[in-house]
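A.B. asks: Got a structure here, written out as structure tokens. Questions coming.
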Amino acid sequence: MHKATAIVHAAPAIGARFTEYTAEFEAGGLLGPAAVQRFVYVLQGDVEVNGARLSRGDYAYLPTEHSATVSAKTAARAAIIEKPYQILAGVSAPAYFNGRESDIAGRPFMGDDALEVRALVPDDPSFDFAVNTMTFLPGAALPMVEMHVMEHGLLMLSGGGIYRLGDQWYPVTEGDFIWMAPFCPQWFGALGKTPAKYLIYKDWNRAPQ
Ligand code: UGY
Ligand code: MN
């Protein structure tokens, strides 16, 4: 990185099988290419990736060893997720793409219109992870305490609420990050007068290792 700072939230050093950090760019900041696949989600300001100008809520997927950098002419922040690609026999690895969150239709989570999910990564077995945003109207909650083999990296984007992790209950608000290891019991309920929204990574489409 040049004229940029990484706030590392989760990485293999803690036991995660992915790395997630917030990249804070100064004017003229640059993040060099990654050796593994990378997902970029813009939190603030504008960045340039592979010739595309990305603003808040825009995102890009870069496959393994893609040569693109992430650069910022003025101050900007982005959530960056990196993961070694897990091949799937008979399926080609995915190619570069970028998108805009506001172009993705929200769908109700398990039939609940008060909880909208937007899938930022296409529903295609070539991808070995998913990144979604989940938006809870005030008072909305996950319908159950989940427990699953997949791990999560969760970044609170706005609003707040209570996160249950195992038998502990944590108040969470914008900027908080949670790494949920495989099988971590998890539940969230939104509090306050504005919607609560988070960006959530999970490993996906592959047999558990
Ligand atoms: O997709 C998920 O596993 C998601 N519902 N988990 C979560 O919000 N903690
Ligand atoms: Mn989950």
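A.B. asks: Using alpha carbons only, how many angstrom separate the centre of the range 179-209 from the centre of the range 59-137?
C.D. replies: 15
A.B. asks: If you don't mind, there's one more thing I want to ask. How far apart, in nm, are two points set 7 Å out from the Cα along the Cα-to-Cβ line at Trp169 and at Ser102?
C.D. replies: Simple spin-label model gives 3.7 nm for this pair.
A.B. asks: What residue among Gly51, Gly153, Gly90 shows peak mean-square fluctuation when the chain is described by a Gaussian network model with Cα springs under 10 Å?
C.D. replies: Maximum among the listed residues: Gly90.
A.B. asks: Label point 7 Å out from Phe183 along Cα-to-Cβ: which residues of the range 145-166 have amide N under 18 Å?
C.D. replies: 145-152, 165-166
A.B. asks: Could you give the Stokes-Einstein D for the chain in µm² per second, using the C-alpha Kirkwood radius, 37 °C, 0.692 mPa s?
C.D. replies: The Stokes-Einstein estimate is 187 µm²/s.
A.B. asks: Taking the Cα centre of the chain as origin and charging only Cβ (+1 Lys, Arg; -1 Asp, Glu), how large is the dipole, in debye to the nearest 20?
C.D. replies: 220
A.B. asks: Also, I was wondering about something else. Mind checking the per residue accessible area of the chain for me, 1.4 Å probe, whole number of Å²?
C.D. replies: Computed with neighbouring chains in place, this is 48 Å² per residue.
A.B. asks: Note down the accessible area of Ser55, probe 1.4 Å, to the nearest 10 Å².
C.D. replies: Ser55 exposes around 40 Å² with every protein chain in place.
A.B. asks: Still on this model: Trypsin sites (Lys or Arg not before Pro) within the range 121-209: which are DSSP loop residues with at most 10 other Cβ atoms inside 10 Å?
C.D. replies: Lys193
A.B. asks: Taking loop as defined by DSSP and a crowding limit of 15 other beta carbons within 10 Å, which chymotrypsin sites (Phe, Trp or Tyr not before Pro) in the range 64-115 fit?
C.D. replies: In loop regions of the range 64-115 (DSSP not H, G, I, E or B), the sparsely surrounded chymotrypsin sites (Phe, Trp or Tyr not before Pro) are Tyr96.
A.B. asks: With an 8 Å cut-off on Cα pairs and a minimum separation of 6 or more residues, tell me the relative contact order of the range 107-173 in percent.
C.D. replies: 20
The values are calculated or read from the model by the stated rules, or taken from the named source; none is laboratory data. Every value quoted in this text rests on a predicted model; they were computed, and no experiment measured them. Glycine also receives a Cβ, built like all others from the backbone with ideal geometry; neighbour counts cover every protein chain displayed. The accessibility values were calculated without ligands, DNA or RNA, using every heavy atom of the protein model including side chains. Shrake-Rupley method; radii C 1.70, N 1.55, O 1.52, S 1.80 Å.
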